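Taking it in order: structure first as structure tokens, then the write-up.
The values are calculated or read from the model by the stated rules, or taken from the named source; none is laboratory data. Keep in mind that what you see is a predicted model, and the values were worked out from it rather than measured. Here the Cβ positions follow ideal geometry from the backbone for every residue, glycine too, while neighbour counts run over all protein chains shown.
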Amino acid sequence: MPQETNFTSSPDPRRATLAAAVALLPSPVSDALRSAAVFQHGSLLLKLYAPTGTDRQTPHTRDELYLVLSGTGTFVNGDARHPFGPGDALFVPAGAEHRFEDFSDDFRTWVVFYGPEGGETAGATA
């Protein structure tokens, strides 16, 4: 069985609350890449992402899924740009340029990284 790690203070190893995840975010608030690992199981890594100011993230080596908890703004995903808000799910394939722009101060999102390095389609032939 893959190893699991819950980085929050939850008494249930397979449950993480938003409040417990927020408590893991680094300070000071001025850190633009504020994120915290919340839970890990095998290749799955759940993080809470709450950037401030400018989102300076770079492409990641694995596929990822953002699940927007709060806030609004514009999401840049490769050549596409679109608005986002609470409840939205945003997929980004491994290696794709992406970022959040013009986001509100209350922006928070779960980020789910999963699968192999290079993404699910790594090594696939066309």
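Residues are listed down the side, and each one gets a yes or a no for (1) charged (D, E, K, R); (2) surrounded by fewer than 16 Cβ atoms within 10 Å (Cβ to Cβ):
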{"site": "S43", "(1), (2)": "no, yes"}
{"site": "F75", "(1), (2)": "no, no"}
{"site": "G85", "(1), (2)": "no, yes"}
{"site": "A89", "(1), (2)": "no, yes"}
{"site": "A94", "(1), (2)": "no, no"}
{"site": "F100", "(1), (2)": "no, no"}
{"site": "F103", "(1), (2)": "no, no"}
{"site": "R108", "(1), (2)": "yes, no"}
{"site": "V112", "(1), (2)": "no, no"}
Pairs returned, first residue in the stretch 100-115 that is closer than 14 Å to L25 by Cα and part of a strand (DSSP E or B), second residue that is modelled with pLDDT under 95 and hydroxyl-bearing (S, T, Y), beta-carbon separation under 9 angstrom, 6 or more apart or interchain, are V111/S35
For the stretch 66-112, how many residues are polar (S, T, N, Q) and over 18 Å from A50 (Cβ atoms)? 1
Residue within the stretch 19-27 that is of a type outside the set (K, R) and more than 23 Å from E4 (Cα to Cα) present: yes
Hey, among G87, G95, which residue is under 25 Å from T121 (Cα atoms) and in a loop (DSSP other than H, G, I, E, B)? G95
Filter result for A36 (of a type outside the set (D, E, K, R), part of a strand (DSSP E or B) and out of contact with any Ser or Thr (no Cβ under 8 Å at 6 or more places or on another chain)): yes
Members of the stretch 47-84 found to be in contact with a Gly (Cβ under 9 Å, 6 or more places away or on another chain), part of a strand (DSSP E or B) and among the β-branched types (V, I, T), listed by number: V68
